[in-house]
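Below is one structure, written out as structure tokens, with a few remarks after it.
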Amino acid sequence: MKAGDLVRAARKPIGRPFGHLRLALFFGLLGATGALAGSAVLARLGADERARWTLGIVVLAVAGAGFAGVLFHRLRTQVLRWRETEEYLTKIQRESQKYRTLLEGAADALLVVDPRDSSVIEWNARARDLFDLPADTSPRSLADVAGGEVSDLQDAILRAAGAGGEAIARTDVSMRGKGVAELVVDARCAAIALEDGPIVQVSLRDRTREREIERSLAIHERLASLGLLTAGVAHEINNPLEGIRNYLKLLRNEGASPEDRARWLDLVEHGFGRIREIVRDLLRFARPVNERGEADLAAAVERATKLAAYSQKLAHVEIAMDGLSAPLVVVGDAGRLEQVVVNLLLNAGQAMNGTGRVQISARRLTSPVHAIELEIADEGPGIPPDVLPRLFDPFFTTSGGSGLGLSVSYGIVQAHGGTLTARNREGGGAAFAIRLPTPAGS
């Protein structure tokens, strides 16, 4: 029963008719018994009839007064209790309305889900606007509300229902919203225990626009990285082109033997293959990537290292690797992970002024979760203590760049369910650690 129903129930006429009738009978019998007993005593004492009637009337009057006093006390107590109950229930109604208003006005979409059948039984104003839901709260299935594939969200709801109040989070959940083909939300599921069983409150934060901006920034930073690699790439392409030009000149020599001509043609073909390989690496690095599956981190690091070597910042930098000889499968997209590694290598080269050694090492972690940790350490001056807390802030830079490289890298790793941290090494230099989850069962 709602608070308003309780208040209306409390305002019904006060009274317990049968209780008052029993009270009246009790005092009536008490008065009558007293009057008869008194009259009998006076008769035995020789009193006249008038005296006996007078005594009876007095006894009955006293009994009536007692009944009136008890009835008044009882009614007064009930009135006071009624007022206290009405004030208390009115207070409950105000508090309930306040919290309902707060939930209705929440910036996030809120769904109340019955975990037994994944039916949505209530929603707030933001959810109505986001999913085009009606104002009434007639239950409907989660699939009807969210659209698309909701198995991952249903799993989070079931886990939350059995987690004893611990919130279960899911990121990048795809749903169908009002007026959009796809809605990307971050979900947080928390169980609330009720008398008839737990319900789960699902908080949905719309990240669609934010994800689009993040993807745009990632592409912008990817192209900026390509700009930094341009000089080195031009040099790499120019070498085989120069060789091809020379071999073509030799092929014009009519006196060349067939064996020389065949060898020069092979070298021309090799030069074109080298150019095609460089262009393919650049195209793979530049392409937009949105898929999220499984990737070999070791292969991604190898490709990123090869691509970053085109930059003048790393022309005289030694890159050493440890723990990357075997495949390291992680949850993520290889292209985006290559971008993170390229950004970190370019930063390391810039920190060391193009000379020094970069150590890339990987290790498997089993606690608290199964993950792969990749560390990229340089021999530069390290990170100033006042810069370290702001290192991953967007547009924050100490080198005159765009200030997006580390911020975008941080967002990419976070979108993969991982972490990117930075620290200063004891022997000098900076170290960046990328921690990425492995697929289930890995």
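The values are calculated or read from the model by the stated rules, or taken from the named source; none is laboratory data. Nothing here was measured: the structure is a model prediction, and the numbers come from that model. A quick note on method: Cβ atoms are made from the backbone with ideal geometry, for glycine too, and the neighbour counts reach across all protein chains shown.
Contact map, the stretch 118-131: residues that are at positive phi paired with residues that are assigned to a helix (DSSP H, G or I) and not polar (S, T, N, Q), Cβ distance under 6 Å, separation 6+ or inter-chain. Pairs shown: SER118/LEU142. Inside the stretch 124-169, residues that are at pLDDT below 80 and assigned to a strand (DSSP E or B) make up a count of 2. Apart from one condition, GLY349 fits all of (1) in a helix (DSSP H, G or I); (2) under 35 Å from the mean Cα position of the chain (by Cα); the exception is (2). None of LEU110, LEU71 is touching a residue at least 60 places away in the same chain (Cβ under 8 Å) and either of a type outside the set (S, T, N, Q) or surrounded by fewer than 16 Cβ atoms within 10 Å (Cβ to Cβ) (or both) except LEU110. Which residue pairs have Cβ atoms closer than 6 Å, lie 6 or more positions apart in sequence or on different chains, and pair a first residue in the stretch 410-423 that is touching a residue at least 40 places away in the same chain (Cβ under 8 Å) with a second residue that is hydroxyl-bearing (Ser, Thr, Tyr)? Qualifying pairs under 6 Å: LEU420/TYR410. If only residues of the stretch 361-389 that are of a type in the set (Val, Ile, Thr) and not in a strand (DSSP E or B) are counted, the one that is nearest to SER407 (Cα to Cα) is VAL387. In this structure, is ASP114 among the charged types (D, E, K, R) and modelled with pLDDT under 75? So ASP114 does not fit the description; no. Can you spot a residue in the stretch 371-381 that is assigned by TED's automatic domain parsing to the domain that holds PHE432 and free of Cβ contacts under 8 Å to residues at least 40 places away in the same chain? Within the stretch 371-381, none of the residues are assigned by TED's automatic domain parsing to the domain that holds PHE432 and free of Cβ contacts under 8 Å to residues at least 40 places away in the same chain. Of the numbered conditions (1) surrounded by fewer than 20 Cβ atoms within 10 Å (Cβ to Cβ); (2) closer than 16 Å to GLU104 by Cα; (3) modelled with pLDDT of 80 or more; (4) β-branched (Val, Ile, Thr), VAL202 satisfies every one except a single condition; which is it? Of the numbered conditions (1) surrounded by fewer than 20 Cβ atoms within 10 Å (Cβ to Cβ); (2) closer than 16 Å to GLU104 by Cα; (3) modelled with pLDDT of 80 or more; (4) β-branched (Val, Ile, Thr), the odd one out for VAL202 is (1). Looking only at residues in the stretch 286-323 that are among the acidic types (Asp, Glu) and within 21 Å of ALA371 (Cβ to Cβ), the one that is modelled with the lowest pLDDT is GLU291.
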